[in-house]
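The values are calculated or read from the model by the stated rules, or taken from the named source; none is laboratory data. Note that this is a predicted model, so its numbers are computed, not measured. Neighbour counts are summed over all protein chains in view; Cβ atoms, including those assigned to glycine, are modelled from backbone coordinates with ideal geometry. Remember, those area values only see protein heavy atoms, side chains included, never the ligands or the DNA or RNA. Shrake-Rupley method; radii C 1.70, N 1.55, O 1.52, S 1.80 Å.
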Amino acid sequence: MIAANIHKIKQETGQNVKLIAVSKTKPLEMIMEAYRAGQRIFGENKVQEMVDKYNQLPKDIEWHLIGHLQTNKVKYIMPFVALIHSVDSLKLLDEIEKQGAKNNRVIDILLQVYIAAEETKFGLDEKELAELMNDVNSNPEKYKHVAIRGLMGMATNTDDEKQVRSEFRKLKIIFDYYKLKTSNHPAPCTDDFALLSMGMSQDYPIAVEEGSNMIRVGSIIFGDR
Ligand SMILES: *Cc1c(COP(=O)(O)O)cnc(C)c1O
């Protein structure tokens, strides 16, 4: 089942869209089933769970942190995390820079942008995003161990397709703006600003139509949580 689900999503979305298999709360055997089907990128939203799974599973898996990250937990994932999707403050970015330096790594991150109509605590609004980009770009010397690779966003949890589509479209416009603005710019915002992480089980086809190149899909691969 898991293999067939992955295959179907990949066929639908094509080669230019990276599939992050969201394995939060799911057991190791299910992850291994996906692994044997060729899946190598997995997303988790809790630090401890991701560390435990990293320790027990094959080392060629790419682990993506997709959930809210507390500053005091950054250090636990620094040795192995492949991409952090959920950076939503300068304080967190500074901690990732500090821990990245300690680990002698450049950590790839996405900035999480708040696009939904519903109330949520996480994500930067457009003004905060502009401020953060400005802070970082005016002090590139400070950020040698973090690379801002793009943006992540979540649409409102609703059946209203028009609303979801307009939220994704908005994020794509913001993404294109910063992609253009950061091209030829020194680190940490470089030509590598190329990832747009949007789309989950219920809305990834719309997200891909609106320009997503990275989808985070859990329940339709592994079943309901
Ligand atoms: C859980 C989660 C997903 C996957 O959700 P599904 O509806 O199971 O596909 C994607 N993104 C984030 C940030 C999540 O926390």
Exercise for review: Rounded, prolate or oblate: pick one for the range 1-116, where a ≥ b ≥ c are the square roots of the eigenvalues of its C-alpha gyration tensor, a/c under 1.5 means rounded, and failing that, prolate if a/b is larger than b/c, else oblate.
Suggested key: prolate
Check your understanding: Accessible area per residue, 1.4 Å probe, Å², for the range 88-225: what's the number?
Key -> 49 Å²
**Study point:** Share of carbon and sulfur in the accessible heavy-atom surface of the range 1-101 [1.4 Å probe, %]
**Key:** 51 percent
Check your understanding: What 222 nm value per residue comes from the helices of the chain, counting each DSSP H run with n ≥ 4 as -39,500 (n - 2.57) and dividing by all residues, nearest 500 deg cm²/dmol?
Key -> -12000 deg cm²/dmol
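Over its Cα atoms, what ratio of radius of gyration to 2.2 N^0.38 Å does the range 145-225 give?
Values: Rg = 14.1 Å, N = 81, 2.2 N^0.38 = 11.7 Å.
Taking the Cα Rg and dividing by 2.2 N^0.38 Å, one obtains 1.20.
Would you mind telling me the share, in percent, of accessible area of the range 107-225 contributed by carbon and sulfur at probe 1.4 angstrom?
On the way: 2770 of 5740 Å².
Of all accessible area on the range 107-225, carbon and sulfur atoms account for 48 percent.
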Review point. Hey, got the dipole for the range 136-224? About the Cα centre, +1 on K and R Cβ, -1 on D and E Cβ, debye to the nearest 20?
Key: 420 debye
Check your understanding: Which of the listed residues, Gln15, Met214, Ala101, is farthest toward the dipole's positive end in the chain, when Lys, Arg count +1 and Asp, Glu count -1 at the beta-carbon?
Key -> Ala101
Revision key, fill the gap. With a ≥ b ≥ c from the Cα gyration tensor eigenvalues, square-rooted, and the rule rounded for a/c under 1.5, otherwise prolate when a/b > b/c and oblate otherwise, the range 85-225 is prolate
Check your understanding: Counting pairs of alpha carbon atoms under 8 Å apart in space and at least six apart in sequence, what relative contact order in percent does the range 19-147 give?
Key -> 19 percent
**Study point:** Cβ charges +1 (Lys, Arg) and -1 (Asp, Glu), total dipole of the range 33-120, debye
**Key:** 420 debye
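Given contacts defined as C-alpha pairs under 8 Å and at least six residues apart, what's the relative contact order of the chain, whole-number percent?
Reported relative contact order: 20 percent.
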Review point. Based on Cβ point charges of +1 for Lys and Arg and -1 for Asp and Glu, what charge dipole magnitude is obtained for the chain about its Cα centre, in debye rounded to the nearest 20?
Key: 660 debye
